[in-house]
1. Of the peptides 140-153, 71-84, how do they stack up when ordered by the mean number of other Cβ atoms within 10 Å, highest first?
2. Which helices of the chain meet both criteria: a Cα extent of 18 Å or more along the helical axis and a mean Kyte-Doolittle score no lower than -1.0, with helices taken as whole DSSP H segments?
3. Tell me the mean residue ellipticity at 222 nm calculated for the chain from its helices only (DSSP H runs of n ≥ 4, each -39500 (n - 2.57), averaged over every residue, nearest 500).
4. Tell me the relative contact order for the stretch 48-171 as a rounded percent, counting alpha carbon contacts under 8 Å between residues six or more apart.
5. Could you give the C-alpha radius of gyration of the stretch 1-60 expressed as a fraction of 2.2 N^0.38 Å, taking N as the number of residues it contains?
6. How many percent of Cα pairs in the chain exceed 31 Å?
7. Run the dipole for the stretch 3-183 about the Cα centre, Lys and Arg Cβ at +1, Asp and Glu Cβ at -1, nothing else charged, and hand back the magnitude in debye, nearest 20.
Amino acid sequence: MSLVIITGPPAVGKMTVGLELEKLTGFKLFHNHMSIDIAAKFFEPESRAFGRLVGTIRRVVMEEVAASRDWGLIFTFVWAFDDPADAAAIQRCAEIFAAHGRQTYYVELEADIGERERRNVSELRLAHKPSKRDTEASAAQLRRMSEKHKTNSTDELRDRDYYLRINNTNMSPQEVAARIQKEFNLPRAR
C-alpha cells in the first residue's frame with residue numbers, strides 16, 4: 001500500500017480528515033500527536049531528547065508499515081515550509097515507502113484562522129490530543145505557529161506527482177476524505 005501525508009497548519013483538520021480517510025480506505029492513521037504526546041511525557045518539547053524520540057517513533061512505525069503487505073498509512077504533519085528540517089523529515093518518510101515500491105501522496109489542507117481557532121477546541125481534537133487540553137496554551141501556540149512559520153505552501157509541492165491542495169474551511173471531513181480517495185484512486189476499505 002501507500003503513504004498519504006496530510007499537512008497543513010495547526011487545527012486545520014488533518015487528524016479529523018485522516019480518521020475519515022481511514023474509514024474509507026482501510027489505511028491506518030498515524031497522526032502527529034501519537035508520537036508527540038508519548039515524547040512529551042518524558043521530555044520538554046524543545047529538548048533534543050524529545051526530538052530524537054519523536055523522530056525514532058515515526059521512523060520505526062513507517063519502516064514497519066512500509067515493509068508490511070497489509071495496509072497503507074495516513075500520516076499528519078504540520079510542515080513549516082520555511083524550515084528545511086521539516087522538508088527533510090517528509091523526504092525521509094517518502095523514501096522509506098519508496099524503498100518498498102510504495103507511492104507517497106501529498107494532501108495539503110488550508111482553512112482560515114477563525115475556523116482553525118474554532119476547531120482547536122473541538123471535542124474530537126481534545127479527546128485525541130492530550131497536549132491540547134490546556135486550551136489557552138493551545139490557542140496561543142496556534143497563533144505563534146501562524147506568525148512564526150509558513151504552514152501552507154506557495155509552490156514547494158507543485159512538482160510532486162501526487163499532490164492535492166484543499167481549502168476545507170467550509171467542507172466536512174467526510175467530503176474532504178472522499179475527495180482525496182477519489183483524486184488518488186485509493187482503494188476502498190474491505
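1. Those peptides, ordered most packed to least, come out 71-84, 140-153.
2. 48-67, 84-98
3. Details: 8 runs with 93 residues, N = 190.
So the calculated ellipticity at 222 nm is -15000 deg cm²/dmol.
4. 33
5. 1.25
6. Percentage above 31 Å: 11.
7. Computed charge dipole of the stretch 3-183: roughly 360 debye.
Rule-based calculations on the coordinates, nothing more; no lab input. These numbers were taken from a predicted model, which means no experiment stands behind them. Positions of Cβ are generated from backbone atoms using ideal geometry, with glycine treated the same way; all protein chains shown enter the neighbour counts.
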